[in-house]
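Working notes, beginning with the structure itself.
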């Protein structure tokens, strides 16, 4: 999992795991791994992102949002606090108010 994450981070792409040319050819039919087709994402969802998240910065969240199918483009929730980072979604005391409550409201519709 960490190797796959590092591959994507290093190449700045959102793609399948890179096994190497020979194994990629066998698995994917090409020497390089293919990009994920985000237009296949068709489940309505909410996108929560933070100005302080360096792991998934706002500009990447917006690229992802625009890349998925329109039917999946639910609301965007921007957390404007620069001290709220990726890990804070699980560990910060304010996560309930800033992230969980909008999430519950959306799925309660």
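The values are calculated or read from the model by the stated rules, or taken from the named source; none is laboratory data. What you see is a predicted model; the values in this text were computed from it and never measured. FYI the Cβ positions are ideal-geometry reconstructions off the backbone, even for glycines, and counts take in every protein chain you see.
Can you tell me which of (1) surrounded by 12 or more Cβ atoms within 10 Å (Cβ to Cβ); (2) assigned to a loop (DSSP other than H, G, I, E, B); (3) out of contact with any helix residue (DSSP H, G or I) (no Cβ under 7 Å at 6 or more places or on another chain); (4) without any contact (Cβ under 8 Å) to a residue 24 or more places away in the chain is the one residue 109 doesn't meet? So residue 109 meets the others, but not (1). Here residue 12 passes the criteria (1) at pLDDT 90 or above; (2) within 17 Å of the chain's Cα centre (by Cα) except the one numbered (1).
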